[in-house]
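Asker: Below you'll find the structure I mean.
The values are calculated or read from the model by the stated rules, or taken from the named source; none is laboratory data. All values reported here derive from a predicted model rather than from experimental measurement. Neighbour counts are summed over all protein chains in view; Cβ atoms, including those assigned to glycine, are modelled from backbone coordinates with ideal geometry. When the accessible area is computed, the model is the full protein with side chains, heavy atoms only, and any ligands, DNA or RNA have been set aside. Shrake-Rupley method; radii C 1.70, N 1.55, O 1.52, S 1.80 Å.
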Amino acid sequence: MEKMGFSLILVLALVTLSTSSQEKCILTGTWQNDLGSNMTISAVNEAGQFSGSYLTAVSAAKKPILVSPLNGSQHIDNLGQPTFGFTVTWSFSVSTTVFVGQCFVDHQGKETLQTMWLLREKVKSAEDNWNATTVGTNVFTRINGQNMGESVRSDL
């Protein structure tokens with residue numbers, strides 16, 4: 001019985017250590033995607049809401065590219081790899097893009113944001129609606145490997 005009690009304590013200790021050492025993915029910081037676009041996400045508040053800025057590296061607009069605001073939210077949980085969504089209202093065009101994704105941490109501690117997006121361009125008429133939305137994916141990695149401050153709810 002004594003051996004069983006010791007074994008149970010050992011197993012519980014190992015489970016606790018493996019759970020507490022699991023990396024948590026934090027959205028706050030500066031990220032770059034596979035096309036060279038950069039975004040900065042400010043602190044995530046207790047409700048999971050955040051804001052930031054986005055500088056795209058690609059555009060079909062005929063105007064100069066400008067930094068554009070983003071607003072979003074993440075799902076608050078204790079699993080450490082949150083789902084999230086954000087909207088970019090482009091400052092230099094009449095388009096809007098929505099991103100959804102999940103933040104992942106690999107076994108080496110590298111964080112990535114796996115996203116899918118919809119870009120909606122303004123069109124002149126309903127007849128042009130069929131061609132107004134583009135769909136794509138991006139993978140973001142943290143710039144400089146550091147976040148810019150802890151999320152308010154980084155433990156969740």
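Asker: Out of everything in segment 115-146 that is touching a Gly at 6+ places or on another chain (Cβ under 7 Å) and open to solvent by less than 80 Å² (accessible area, probe 1.4 Å), what residue ends up being nearest to Ser95 (Cα to Cα)?
Answerer: Trp117
Asker: Test each condition in (1) modelled with pLDDT of 95 or more; (2) over 20 Å from Val44 (Cβ atoms); (3) of a type outside the set (Phe, Trp, Tyr) for Asn131 and report the one that comes out false.
Answerer: Asn131 satisfies all of (1) modelled with pLDDT of 95 or more; (2) over 20 Å from Val44 (Cβ atoms); (3) of a type outside the set (Phe, Trp, Tyr) except (1).
Asker: Hey, another quick one. Out of the residues in segment 96-112 meeting the condition of being in contact (Cβ under 8 Å) with a residue 12 or more places away in the chain and not β-branched (Val, Ile, Thr), tell me which one is surrounded by the fewest Cβ atoms within 10 Å (Cβ to Cβ).
Answerer: The qualifying residue surrounded by the fewest Cβ atoms within 10 Å (Cβ to Cβ) is Gly109.
Asker: Here is a further query. Test of understanding: among Ser53, Ser73, Ser59, which residue is in a strand (DSSP E or B) and open to solvent by 50 Å² or more (accessible area, probe 1.4 Å)?
Answerer: Values: Ser53 fails: open to solvent by 50 Å² or more (accessible area, probe 1.4 Å); Ser59 fails: in a strand (DSSP E or B).
The unique qualifying residue is Ser73.
Asker: Could you tell me whether Thr89 is hydroxyl-bearing (Ser, Thr, Tyr) and within 10 Å of the chain's Cα centre (by Cα)?
Answerer: no
Asker: Another question, then. In segment 1-50, which residues are assigned to a loop (DSSP other than H, G, I, E, B), modelled with pLDDT of 50 or more, open to solvent by 30 Å² or more (accessible area, probe 1.4 Å) and farther than 18 Å from Thr97 by Cα?
Answerer: Of everything in segment 1-50, those that are assigned to a loop (DSSP other than H, G, I, E, B), modelled with pLDDT of 50 or more, open to solvent by 30 Å² or more (accessible area, probe 1.4 Å) and farther than 18 Å from Thr97 by Cα turn out to be Met1, Gln22, Glu23, Lys24, Ser42, Ala43, Asn45, Glu46, Ala47.
Asker: Across segment 113-128, what is the total count of residues that are touching a residue at least 24 places away in the same chain (Cβ under 8 Å) and among the hydroxyl-bearing types (Ser, Thr, Tyr)?
Answerer: Summing the residues that are touching a residue at least 24 places away in the same chain (Cβ under 8 Å) and among the hydroxyl-bearing types (Ser, Thr, Tyr) in segment 113-128 gives 1.
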